[in-house]
1. Which is farthest toward the positive dipole end of chain A among A:115, A:186, A:12, measuring Cα position about the Cα centre, with Cβ charges +1 (Lys, Arg) and -1 (Asp, Glu)?
2. Could you tell me how many degrees, from 0 to 90 and to the nearest 10, lie between the Cα long axis of helix B:2-22 and the main elongation axis, the longest principal axis, of the Cα atoms of chain B?
3. Take the alpha-carbon centre of region B:33-92, take the same for region B:161-175, and report the distance between them in whole Å.
4. Of the options A:49, A:143, B:145, report the single residue whose Cα projects farthest towards the positive end of the charge dipole of the protein assembly as shown (beta-carbon charges: Lys, Arg +1; Asp, Glu -1).
5. With n ≥ 4 as the cut-off for DSSP H runs, can you work out [θ] at 222 nm for chain A, using -39500 (n - 2.57) per run divided by the number of residues, rounded to the nearest 500?
6. Work out the mean other chain Cβ neighbour count within 10 Å for the residues of A:113-123 and drop it here as an integer.
7. Counting Lys and Arg as +1 and Asp and Glu as -1, each charge on the Cβ, what is the dipole of region B:1-45 about the Cα centre in debye, to the nearest 20?
8. Can you work out D for chain B in µm² s⁻¹ from Stokes-Einstein, where Rh is the Kirkwood radius over C-alpha pairs, the temperature is 10 °C and the viscosity is 1.306 mPa s?
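The values are calculated or read from the model by the stated rules, or taken from the named source; none is laboratory data. Note that the structure is predicted; figures quoted are calculated from it, not measured. Positions of Cβ are generated from backbone atoms using ideal geometry, with glycine treated the same way; all protein chains shown enter the neighbour counts. Just the protein is used for accessible areas: all its heavy atoms, side chains included, with ligands, DNA and RNA removed. Shrake-Rupley method; radii C 1.70, N 1.55, O 1.52, S 1.80 Å.
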There are 2 protein chains.
Amino acid sequence: MARKSERKADLIVAAQRAIAEHGSAVRLNQIAEAAGISSSAILYHYPDIDVLLVEANRAGMERFYNERLNMIASITDPAERLALTISLGVPRGADDEEVRLLCSLGGEAARNMIYAVLLTSLYDRQVGMYQNILDLGVRQEVFTLAQDSLTIARNLVALEDAYGYRIMAKHPTLDYASAVELILDYARLATASALPAPNKSGHVTPIRSKEN
Amino acid sequence: MARKSERKADLIVAAQRAIAEHGSAVRLNQIAEAAGISSSAILYHYPDIDVLLVEANRAGMERFYNERLNMIASITDPAERLALTISLGVPRGADDEEVRLLCSLGGEAARNMIYAVLLTSLYDRQVGMYQNILDLGVRQEVFTLAQDSLTIARNLVALEDAYGYRIMAKHPTLDYASAVELILDYARLATASALPAPNKSGHVTPIRSKEN
DNA sequence: GAAATTGTTGAATTTGTGTTAAAAAACCTT
DNA sequence: AAGGTTTTTTAACACAAATTCAACAATTTC
């Protein structure tokens, strides 16, 4: 019983790796190779490969979103939380598997309704996440919004997405640190708040480290 | 002599349509169908299909960039030029073939060096285009930049790109007009300038219409 | 307008991919 | 450990796509 769903989870991870490596037009054999089993074995668990691909992409999106939610949950200061959220929304490098998956999906969404819905939902949830942070900052009087929070939130997520693509394409001068700084610059302008600069590792200093 | 290159131009257009419809993993047969000839005939002109695909994508990018340059050339007012450039950088709908092509490419760039270079070059040229407009506006004292022009230009192109993807995915509330307005909102904030609002058609009013 | 060239087609071949079924292996269960 | 179930593999097959090539059609050249 549990074995079956464990195996399925393995296959989803393998499919994610395969999609990241070969694109959304990945072949069954390539997924099988990534999973280390024969293609027939995959077909045993997923008679329809499209189902596996959708689940793999959905799971990747879900993980990307939830990981960030968990990371920022412990940060109470709105400015710090905003900066951390931004720094977590940009891939560290072209080899970031999660963002690679999302970028593969972008083009597919123009053709495939399911992926369009999934990506749109992810975008909207990320917008909601930023709106929460912005509104929190307003209530605590650390942010003074130059635009309504929906506008700022939509633009922040859009910037994240776009710089993800730039980093995937290995832009020679626009690396992780510059991308985060570019988004932070917009956030500073829109919130009239001096957001903390990321440290060397690219992340803002977690609140806990203040105790040292 | 001329016939040969005319034919090749036809095939490039056909390939662009086929890529927009079927994605970057488009089949030779699908290109042949789009071109209305047999697959062997295509192979006669392009023994290596990858060469055709690269040329098709490159030509699509080139056209997208040059079209905008031509459209904005006649506008002398920096604010109008900036607004028009923004309105031309966002697809009118999910069926926009040029942007569809670019979106297909986004995911491919993570895997294929050639496409990474092409897309990066397009991005940088668009950034340069915006920087020219911004610097012009500063010299004419209609813009007061809140950030350096490279930062603003990079963010403007990034916003364009990202909203292109959203529109391709048929976001239910984020359509062409809202996307343009979102980008304009950032541009207004960054230039401290009240940029003209787009008219009903989504374009800003061309300067010539003032003579009416 | 005949010959040479250029361009296109359709059929044959090869290769890759997905699908299926029977047999083998791994794994429970009692 | 025997029997039954689940999972996996191997091999055969079907099908689609890429590639090649000989024949044919169109175009150019003289």
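1. Going by the charge dipole, the pick is A:12.
2. Between helix and principal axis, roughly 70 degrees.
3. If we compute the Cα centre of each part, the gap is 20 Å.
4. Going by the Cα projections, it comes out as A:49.
5. -23000 deg cm²/dmol
6. If you average over the peptide's residues, the count of other-chain Cβ atoms is 3.
7. So the magnitude is around 180 debye.
8. Numbers: Rh = 18.5 Å.
Answer from the Stokes-Einstein relation: 86 µm²/s.
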